[in-house]
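Worksheet for the structure shown next.
The values are calculated or read from the model by the stated rules, or taken from the named source; none is laboratory data. Everything numeric here is computed off the predicted structure, so don't read it as measured data. Note that we place each Cβ from the backbone using ideal geometry, even for glycine, and neighbour counts take in every protein chain shown.
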Amino acid sequence: MKLKEIAAVLNATVACGSERLEEEIEMGYCSDLMSDVLTLDTDNLILITGLVNLQAIRTAEMADIRAIVFVRNKKANSHMIELAKENGMCILESPYSLFNSSGLLYQAGLKPVY
Amino acid sequence: MKLSFPIQGGDFTHAGHPSSEVKKVLKQLDIDVKTIKSIVIALYEAEVNVVAHAYRGTVDVEIDENKICILVSDEGPGIPDIELAMQPGYSTASKEVRDMGFGAGLGLPNIKKNTDELSIESEVGKGTTVKMLNYFS
């Protein structure tokens, strides 16, 4: 799925990385536990999380994940946006719950990591 | 090449800065991306451990032609039973650390998974030193 399609399905706003909206994302992974994210061997994925803090961005940086969607209507702060921009990430913010977001993306064809 | 960074216990805002810097250096050295990912994930987990458990620490990195050696040493409570701490799911992390998205007892096992050689030395009441070695493939 293209990032712009993901944003549309999730009724999400683009907090940064709008220049990357044409990029294809193959898989989705949901977690509020960053240690789990750090165990993944794949990286062409979008991280779907309700954990909105700097460490979510850092985790994505280390794991080579270049797209994150923050769910439950949570907003990234300016420090997070700055770090995300430094790393060329696309950040989306969706008003939907984690369950709803995941269901919609799965239905739209985004693949699970496992 | 040698690099050194301080870590402050409890400072979650700056956790990951050393890993980020090491990642930039390794990219410049044109190291394979999978190898870089393993190295920075291991370092990041080790950093989070210091921030989560210790008072202060340092990251010392030594890079040569075919390997990277990273020493993360801290002044902190130490680990009474390293074997137990290596078991996935074993954790002594506070609620605050868990709220940050860590503290599920996966850090040390994940460091082991991402390093070619790992040694941990710890003295209760003094601190812990984690030595991680990765070869460039």
Inset, instruction - Test A:I68 against the criterion of being in a strand (DSSP E or B), touching a strand residue (DSSP E or B) at 6+ places or on another chain (Cβ under 9 Å) and either free of Cβ contacts under 8 Å to residues at least 40 places away in the same chain or under 18 Å from B:K23 (Cβ atoms) (or both), and give yes or no. - result: yes
Inset, instruction - Can you run down the residue pairs with Cβ atoms below 8 Å, 6 or more apart or on separate chains, where the first is in the stretch A:30-42 and at the interface with chain B (Cβ under 7 Å from one of its Cβ atoms) and the partner is surrounded by 17 or more Cβ atoms within 10 Å (Cβ to Cβ) and assigned to a strand (DSSP E or B)? - result: A:D32/A:T49
Legend entry - Residue match in the stretch B:46-66 (condition: part of a loop (DSSP other than H, G, I, E, B), in contact with a Phe, Trp or Tyr (Cβ under 6 Å, 6 or more places away or on another chain), more than 10 Å from chain A (Cβ to nearest Cβ) and under 21 Å from A:E86 (Cα atoms)): no
Inset, instruction - Kindly indicate whether any position in the stretch B:16-35 is hydroxyl-bearing (S, T, Y) and surrounded by fewer than 17 Cβ atoms within 10 Å (Cβ to Cβ). - result: no
Legend entry - Pick from the stretch B:88-137, criterion more than 14 Å from chain A (Cβ to nearest Cβ) and part of a loop (DSSP other than H, G, I, E, B), ranking: nearest to A:C30 (Cα to Cα): B:S94
Inset, instruction - Could you grab me the full set of residues in the stretch A:55-83 that are away from chain B (no Cβ under 12 Å), buried (at least 22 other Cβ atoms within 10 Å of the Cβ) and more than 22 Å from B:V33 (Cβ to Cβ)? - result: A:V69, A:F70, A:V71, A:A76
Inset, instruction - Return the only residue of B:F5, B:F12 being surrounded by fewer than 21 Cβ atoms within 10 Å (Cβ to Cβ) and at pLDDT below 95. - result: B:F12
Inset, instruction - Check B:E121 against each of (1) farther than 20 Å from A:L38 by Cα; (2) in contact with a Leu (Cβ under 6 Å, 6 or more places away or on another chain) and name the one condition it does not meet. - result: (2)
Inset, instruction - Would you check if there is a residue in the stretch A:10-23 being in contact with an Asp or Glu (Cβ under 7 Å, 6 or more places away or on another chain), surrounded by fewer than 16 Cβ atoms within 10 Å (Cβ to Cβ) and either within 11 Å of another protein chain (Cβ to nearest Cβ) or modelled with pLDDT of 95 or more (or both)? - result: yes
